[in-house]
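The values are calculated or read from the model by the stated rules, or taken from the named source; none is laboratory data. These numbers were taken from a predicted model, which means no experiment stands behind them. Methodologically, a virtual Cβ is constructed for each residue, glycine included, from the backbone with ideal geometry; neighbour enumeration extends over all protein chains shown. Surface accessibility is based on the protein's heavy atoms, side chains included, excluding ligands, DNA and RNA. Shrake-Rupley method; radii C 1.70, N 1.55, O 1.52, S 1.80 Å.
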Amino acid sequence: MKRVITFGTFDVFHVGHINILERAKQQGDYLIVGVSSDGLNFSKKKRYPIYSQADRIKILSSLQFVDEVFVEESLELKPEYIKRFKADVLVMGDDWAGRFDEMKSLCEVLYLPRTPSISTTEIIEVVKSL
Ligand code: CTP
């Protein structure tokens, strides 16, 4: 059984999120998603996500192609998470291309193309401007 892992915030859930998760699952048999904690988001972006960690976990856990969800507490722990969840493949959107190449000693690393013209940041900006 091939185990796939991916990471992200998945705030204000949109079709780009669905597309990457669906394609991540197609890379193997079992998909594990590391969802950034509220605290990790604050440290990265200086704001909390619109949707709480608990709600983001609930949305991700309800998807048919997601098998397991856990909270990513720190960006530096990626190698630990890959080992802990026995991942064979790490999938990331190609906005991260090259950034996780050092994980290639632990598992296969794949960057999949992003869905064009949609992002959480853009949705927030559009709603703010209404
Ligand atoms: N993703 C994607 N296509 C999009 C938006 C996101 O494939 N149009 C992927 C990212 O590459 C990442 C995952 O979805 O692997 C989670 O991305 P996240 O950063 O949570 O979503 P964004 O919409 O990019 O959020 P933000 O605008 O806050 O960066």
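For this structure, a couple of remarks:
- Unsatisfied cross-links (Cα-Cα over 28 Å) in the set Lys44/Lys104; Lys2/Lys44; Lys44/Lys83; Lys78/Lys128; Lys58/Lys78: Lys2/Lys44; Lys78/Lys128
- Amide H to amide H, with H built 1.01 Å from N, Glu72 comes under 5 Å of Val35, Ser36, Ser37, counting only residues 5 or more places away or on other chains.
- Compared with the direct C-alpha span, the chain from Trp96 to Glu125 gains 8.2 nm at full extension, assuming 0.36 nm per residue.
- Sorting Asp29, Asp38, Asp11 by accessible area puts them as Asp29, Asp38, Asp11; the probe is 1.4 Å, largest comes first, and only protein heavy atoms count.
- Model label zone, Ile50; criterion: amide N under 20 Å from point 7 Å along Cα-to-beta-carbon; scope region 106-130: 115-130
- Tail weight of P(r) past 19 Å, computed on alpha-carbon pairs of region 1-55, percent: 35 percent
- Global form of the chain, assessed from the alpha-carbon gyration tensor, a/c cut-off 1.5: prolate
- Close amide H partners of Ile50, meaning residues 5 or more places away or on another chain with modelled amide H under 5 Å apart, are Val12.
- Estimated [θ] at 222 nm from DSSP helical runs (n ≥ 4, -39500 (n - 2.57)) normalised by residues in the chain, nearest 500: -10000 deg cm²/dmol
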